[in-house]
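Engineer: Below is one structure. I have some questions about it.
The values are calculated or read from the model by the stated rules, or taken from the named source; none is laboratory data. Predicted, not measured: the structure shown is a model, and the values here were computed from it. Here the Cβ positions follow ideal geometry from the backbone for every residue, glycine too, while neighbour counts run over all protein chains shown. For the accessible areas, the whole protein counts, side chains as well, though only heavy atoms, and no ligand, DNA or RNA atoms are used. Shrake-Rupley method; radii C 1.70, N 1.55, O 1.52, S 1.80 Å.
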Amino acid sequence: LAKTTQPISMDSYEGQEVNITCSHNNIATNDYITWYQQFPSQGPRFIIQGYKTKVTNEVASLFIPADRKSSTLSLPRVSLSDTAVYYCLVGGSPGSARQLTFGSGTQLTVLP
Amino acid sequence: DGGITQSPKYLFRKEGQNVTLSCEQNLNHDAMYWYRQDPGQGLRLIYYSQIVNDFQKGDIAEGYSVSREKKESFPLTVTSAQKNPTAFYLCASSIITSGAEAFFGHGTRLTV
């Protein structure tokens, strides 16, 4: 399984754009990159997923360079409610139930 | 109302007792997972299952047992052999395909 490396913590202010980068140097050809958000005492929640280039949905964008050895989650104009832990996951090859291996995540704190 | 349900939300156990945590899903997902989360830490995989009557150990299976007699149910037993069982336990499910999104329950907080 591809190992991921993320910053342990990040601080931002309300209204700013936040970019969280994840390194995954040994990503496999069939692996997807998925980001989850977790609030205290709750289960993680899916944010966004991509395979290459750029993916955008209503809450975030995901940038993946051509070599796919890293990815960047971009949260536009964060608010206090975006304070949470963000996890980068790599995996999802067909037939693999072990696609959900979580690292330590990045604690994002949004300040007023 | 589709989703994944964990019960109970809070559980207290005396040392030496076995306890069983319930996880039920009505999403028709083939894969189910159990995770343990300690304060300030990421999620660690205990067991996972891709199909009824089959399951595999995750990274920290010692002291735990599971069963998968029905597609929609994946109970976790925390046995007396688990030396440090106090933690937040999360159950998840997903379909088995590339990069499938996982859905999590709200968790069970076990205190010994």
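Engineer: At a Förster distance of 22 Å, what's the computed FRET efficiency of A:SER79 paired with B:ARG109, Cβ-Cβ distance as r, to 0.05? Please report the intermediate quantities before stating the final value.
Structural biologist: Numbers: r = 27 Å, r/R0 = 1.25.
Result of the calculation: an efficiency of 0.20.
Engineer: OK, next. Rounded to a whole number, what is D in µm²/s for the range B:29-72 from Stokes-Einstein with the Kirkwood radius over alpha-carbon pairs (20 °C, 1.002 mPa s)?
Structural biologist: On the way: Rh = 11.0 Å.
Rounded, D is 195 µm²/s.
Engineer: What whole-number value in cubic angstrom gives the convex hull volume per residue for the C-alpha atoms of chain A? If you can, show how the numbers build up before the last one.
Structural biologist: Working: hull volume 10.5 nm³, N = 112.
Looking at chain A, the number lands at 94 Å³ per residue.
Engineer: Normalising by the residue count of the range B:1-73, find the relative contact order in percent from Cα pairs under 8 Å and 6+ residues apart.
Structural biologist: Details: 109 pairs, mean separation 18.5, N = 73.
After rounding, I find 25 percent.
Engineer: Past the 19 angstrom mark, what percentage of all C-alpha to C-alpha distances in the range B:40-96 do you count? Please list the in-between numbers first.
Structural biologist: On the way: 443 of 1596 pairs.
Value for the range B:40-96 (Cα pairs over 19 Å): 28 percent.
Engineer: Modelled label-to-label distance, A:ASP67 and B:GLN41, 7 Å Cα→beta-carbon offset: nm?
Structural biologist: Those two pseudo-labels are separated by 3.3 nm.
Engineer: Okay, next question. With chain B treated as a Gaussian network of Cα nodes joined by springs under 10 Å, which of B:PRO75, B:PRO39, B:PRO85 yields the largest mean-square fluctuation?
Structural biologist: B:PRO39
Engineer: I need the semi-axes of the equivalent ellipsoid of chain B: take the C-alpha gyration tensor, multiply each eigenvalue by 5, square-root it, list largest first in whole angstrom. Don't skip to the end; give the middle numbers.
Structural biologist: Working: eigenvalues 99, 39, 36 Å².
One finds semi-axes of 22, 14, 13 Å for chain B.
Engineer: Mean projection of the alpha-carbon convex hull of the protein assembly as shown over all orientations, in nm²? Mind dumping the intermediate values first?
Structural biologist: Values: hull surface 48.7 nm².
The number I arrive at for the protein assembly as shown is 12.2 nm².
Engineer: Roughly how many Å² of B:THR86 are accessible to a 1.4 Å probe, to the nearest 10?
Structural biologist: B:THR86 has an accessible surface of roughly 60 Å² with all protein chains in place.
Engineer: Using the heavy atoms of the protein chains and a 1.4 angstrom probe, tell me the accessible area per residue for chain B in square angstrom.
Structural biologist: Numbers: 5480 Å² over 112 residues.
Ligands and nucleic acids excluded, the figure is 49 Å² per residue.
Engineer: Could you run the Karplus curve 6.51 cos²θ - 1.76 cosθ + 1.60 with θ = phi - 60° over the range B:21-31 and give me ³J(HN,Hα) per residue in whole Hz, x for Gly and Pro?
Structural biologist: Karplus-based 3J(HN,Hα) across the range B:21-31 equals 9, 9, 9, 10, 9, 10, 9, 6, 7, 7, 8 Hz.
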